[in-house]
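Novice: I have a structure here, written as structure tokens, and I will follow up with some questions on it.
FYI, it's all coordinate maths here, none of it is from the lab. A quick note: this is a predicted structure, and the numbers were derived from the prediction, not measured. Here the Cβ positions follow ideal geometry from the backbone for every residue, glycine too, while neighbour counts run over all protein chains shown.
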Amino acid sequence: MSLELEENFSELIDNISIDVPIVVDLDGTLIASDCYAEALIGLIFSKPVKAIKAIFFILFKSIAASKIFVSINSNFKAELLPYRENVLSLLKRENEKGRKIILATAAPEAMAWDVANHLGLFTEVIATTSEINLKGRNKKNAIEGILGGLNYIYIGDSTADIPILESAMYPAFVGSKKKNDRIAKLLGKSVIPFLIKPIKIKDFLKQLRVFQWTKNFLVLLPALTGFGLYETKRIISVFIAMLLMCVSASFIYILNDLADIWDDRAHASKKNRPIASGNLSMFNIIFMLGLLMIAILLLGNALDVGSRLIVLGYLGLNLLYTQFFKKLAVYDIVLLTFLYILRVLLGSHVLNMPNSIWFLAFLYLNFLNIAAWKRYVEYKGALKSISKSFSRREYNAEHTPLLLATGIASVFSACVVLVIYTSSSDISSIYHRPMILLLLCPLVLATTLRMWYSTELKKVSHDPVIEILFSKETWIIFVLCLGVIFSARV
């Protein structure tokens, strides 16, 4: 969330005596995130027992005690925080001029000092201790205890800052124009506005990864290849199942981004994701998770028990992936591949279509190739921009040859499986001319070898799955494959 200063703000500050200090808030003001909220959610994924203990501190001790406990056990890194560049630039400029700058925050004391030591701008730091949560009037009293009756500039971002904004001679507020107007009305005096761009629908859509929903067209694959082996009235149920899988996938994407927030912030491109960049607040994220959960329950209620169990298995395996298998080389792509197969199984179940073990094996090996390719693209050059201390995975650039071998071996194995399938005795009940299916082999091999070739030429630099879905070649090959399957059936 980029912050834009009013044009007259610099001039206004220049007109204020250098003896007037700046007191600046941290969460939501200097940074576009909330240190404690992020750290607590991070503990849920990394140290769930300690996260439960932190919540018990809130219930039976105090929020201050919980904050200190979380700060001790979190993987907090001040250098990776999403700082608001214009606020930071202002503070650097005023620091060079010799103006006193104080960091006053409700964040835990250890985190506040980490930020202060990293930036080197603050003459004093006041923050939450085990005895007191430095928020609202507590913060106001602490500031006045340091400054006495001196005038000061205070930069805040929430209604909790109103007592300090009332006390400050020069109140400044970080927020949208609408929020600034509301704060000015509450205070009954003018407020120096630090305007930020309001959250837009596209920010939520980006976090939901709507473009990734195309993967869930796999739910429709049995309908596309079945050619009348199912009841037409079940088609509506298939689309409901696909939508349910889309919503479930978005739910998982949010959890993944919360778990990987520090890794993403250390990554050259992933640091721009809505959660890592602070474009969406923790409140926004929790609200989205709540809505998605309601949607999952409503859509699941429209399907039978078997379909619900498949989706529940999908969600459960994704949580296991996020918590454990994502960190383990090879295991991660094996599990990811099975998650693709679950989409196909869901479509088959809803249509009440039988599944051939050969067909599923053929698909699994092709999906394993795609999963290996995805990791290959991510780690071939990307790890140069990722600090090893933050990466939770075992992969490094040295593993890319293994991923390359895994991908190519998988697709050749898939073709072998298809050849065996066309020679099996049970294929005649489904396909009248099964030998035509062998034409799938050159189509699949050509597509796969082409994509690896393009990757080696560095023509693929982002998510390879999206590269496949939006490639004209892919759709041409897909239509040809459907034509082959149809020809084998008639």
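Novice: Would you grab the residues whose amide H sits under 5 Å from the one on D27? Only those 5+ places off in sequence or on another chain, please, with H modelled 1.01 Å from N.
Specialist: Result for D27 returns A106, A107.
Novice: Continuing with this model, one more query. With an 8 Å Cα cut-off and a minimum separation of 6 or more residues, compute the relative contact order for the chain in percent.
Specialist: Numbers: 690 pairs, mean separation 63.8, N = 490.
Averaging sequence separation for qualifying contacts and normalising by length gives 13 percent for the chain.
Novice: Of (i) 114, 45, 34; (ii) 71, 56, 47; (iii) 92, 47, 42, which is the value of Cα extents along the principal axes in Å derived from the coordinates here?
Specialist: This structure yields the entry labelled (iii).
Novice: How about segment 253-361: which trypsin sites (Lys or Arg not before Pro) there lie in a loop by DSSP and see at most 12 other Cβ atoms within 10 Å? Numbers along the way, then the final one.
Specialist: Details: sites: R265, K270, K271, R308, K326, K327, R343; in loops: none.
Sparse-neighbourhood loop trypsin sites (Lys or Arg not before Pro): none present.
Novice: How much net charge surrounds S17 when only the other residues with a Cβ under 13 Å from the Cβ of S17 are counted, with Lys and Arg +1 and Asp and Glu -1?
Specialist: Details: positive: K97, R99, K100; negative: D14, D19, E94.
Here the charged neighbours net out to 0.
Novice: Work out how much length S190 to T214 would gain on full extension: take 0.36 nm times their residue separation and subtract the Cα-Cα distance, in nm to one decimal.
Specialist: Values: separation 24, 0.36 × 24 = 8.64 nm, distance 4.94 nm.
That pair, S190 and T214, stretches by 3.7 nm at full extension.
Novice: A further question follows. Would you list, by chain and number, the lysines whose Cα falls below 18 Å from the Cα of K215, excluding same-chain residues fewer than 8 positions away?
Specialist: Straight-distance partners of K215: K206, K374, K472.
Novice: Take the alpha-carbon centre of segment 237-310, take the same for segment 405-419, and report the distance between them in whole Å.
Specialist: 32 Å
Novice: If you take the beta carbon distance between S454 and S425 as r and set R0 to 41 Å, what does 1/(1 + (r/R0)^6) give as a FRET efficiency, to the nearest 0.05? Before the final figure, lay out each step's value.
Specialist: Working: r = 40 Å, r/R0 = 0.97.
Calculated transfer efficiency: 0.55.
Novice: State the answer as a single residue: which of A172, F204, L218 lies farthest towards the positive end of the charge dipole of segment 126-250, with beta carbon charges of +1 for Lys and Arg and -1 for Asp and Glu, about the Cα centre.
Specialist: L218
Novice: Also, I was wondering about something else. For L339, what charge total do you get from the other residues with a beta carbon under 13 Å from its beta carbon, if Lys and Arg give +1 and Asp and Glu give -1?
Specialist: Working: positive: K215, K326, R343, K374; negative: D332.
Here the count lands on +3.
Novice: Among DSSP bridges having both ends in the chain, what percentage is antiparallel? Round to the nearest 5. Before the final figure, lay out each step's value.
Specialist: On the way: 4 of 23 bridges.
The antiparallel fraction comes to roughly 15 percent.
Novice: Between T129 and E79, what is the spin-label point distance in nm, taking each point 7 Å from the Cα along the Cα→C-beta axis?
Specialist: Once both label points are built, they end up 3.0 nm from each other.
Novice: Helix 35-46 versus the longest principal axis of the chain: what is the Cα-based angle in degrees, 0 to 90, to the nearest 10?
Specialist: With rounding to tens, the tilt is 30 degrees.
Novice: Give me the distance in nm between label points sitting 7 Å out from Cα along the Cα-to-Cβ direction at I18 and K327, one decimal.
Specialist: Using points 7 Å along Cα→Cβ, the separation is 5.2 nm.
Novice: Once you order the gyration tensor axes a ≥ b ≥ c over the Cα atoms, which shape class does segment 201-489 get: rounded for a/c under 1.5, otherwise prolate or oblate by comparing a/b with b/c? Let's see the in-between values first.
Specialist: Values: a/c = 2.10, a/b = 1.27, b/c = 1.66.
In terms of gyration-tensor shape, oblate.
Novice: If one computes the Cα centroid of segment 89-122 and of segment 193-209, what distance in Å separates the two points?
Specialist: Spelled out, the Cα-based centre of one part sits 27 Å from the other.
Novice: Can I ask one more? Placing unit charges on C-beta atoms (Lys and Arg positive, Asp and Glu negative, everything else neutral), compute the dipole magnitude of segment 242-346 about its Cα centre in debye, rounded to 20.
Specialist: Details: 8 positive and 6 negative charges, 26 e Å.
That gives a dipole near 120 debye.
Novice: Sticking with this structure for a sec: Need one word for segment 89-157: rounded, prolate or oblate. Basis is the Cα gyration tensor (sqrt eigenvalues a ≥ b ≥ c); a/c below 1.5 gives rounded, then a/b vs b/c decides. Display every interim value, and only then the final one.
Specialist: Numbers: a/c = 2.10, a/b = 1.25, b/c = 1.68.
In terms of gyration-tensor shape, oblate.
Novice: Once amide H atoms are built 1.01 Å from N in the peptide plane, which residues 5 or more positions from I192, or in another chain, come under 5 Å H to H?
Specialist: A172, F173
Novice: Go ahead and estimate [θ] at 222 nm for the chain from helices alone: -39,500 (n - 2.57) per DSSP H run with n ≥ 4, summed, over the residue count, rounded to 500.
Specialist: Working: 22 runs with 290 residues, N = 490.
My calculation for the chain gives -19000 deg cm²/dmol from helical runs alone.
Novice: Placing +1 at every Lys and Arg Cβ and -1 at every Asp and Glu Cβ, with all other atoms neutral, what dipole size does the chain have around its Cα centre, in debye to the nearest 20?
Specialist: Numbers: 51 positive and 39 negative charges, 184 e Å.
About 880 debye.
Novice: Something else about it: Given segment 3-196, what percent of its DSSP beta bridges are antiparallel, to the nearest 5? Working shown, then result.
Specialist: Values: 4 of 23 bridges.
The antiparallel fraction comes to roughly 15 percent.
Novice: Work out the charge dipole of the chain with +1 on the Cβ of Lys and Arg and -1 on the Cβ of Asp and Glu about the Cα centre, then indicate which of H399, T129, A268 is farthest towards its positive end.
Specialist: Highest projection toward the positive end goes to H399.
Novice: Roughly what would the spin-label model give for L439 and I52, points 7 Å off Cα along C-beta, in nm?
Specialist: So the two model labels end up 5.9 nm from each other.
Novice: Report ³J(HN,Hα) in whole Hz for each residue of segment 251-261, in order, from the Karplus equation J = 6.51 cos²θ - 1.76 cosθ + 1.60 where θ = phi - 60°; Gly and Pro get x.
Specialist: Taking θ as phi minus 60°, the curve returns 4, 5, 4, 5, 4, 4, 5, 5, 5, 9, 4 Hz for segment 251-261.
Novice: Can I ask one more? Starting from 0.36 nm per residue, how many nanometres of slack lie between F60 and S269 once their C-alpha separation is accounted for?
Specialist: On the way: separation 209, 0.36 × 209 = 75.24 nm, distance 4.13 nm.
That pair, F60 and S269, stretches by 71.1 nm at full extension.
Novice: At what distance in angstrom do the alpha carbon centres of segment 23-39 and segment 149-164 lie from each other?
Specialist: 15 Å
Novice: Take the alpha carbon gyration tensor of segment 3-196, find the square roots of its eigenvalues, order them as a ≥ b ≥ c, and report rounded if a/c is under 1.5; if not, report prolate when a/b exceeds b/c, else oblate. Don't jump to the answer; show the numbers that get you there.
Specialist: On the way: a/c = 1.79, a/b = 1.69, b/c = 1.06.
Note, shape of segment 3-196 comes out prolate.
Novice: Another question, if that's okay. All other residues with a Cβ under 13 Å from the Cβ of D27 taken together, and with Lys, Arg as +1 and Asp, Glu as -1, what is their net charge? Please report the intermediate quantities before stating the final value.
Specialist: On the way: positive: K67, R84, K135, K139; negative: D25, D34, E38, D157, D161.
Neighbourhood net charge equals -1.
Novice: Next up: If R₀ is 60 angstrom, what is the calculated FRET efficiency for the pair T159 and W358, using the beta carbon separation as r and rounding to 0.05? Before the final figure, lay out each step's value.
Specialist: On the way: r = 63 Å, r/R0 = 1.04.
The pair T159/W358 has a calculated efficiency of 0.45.
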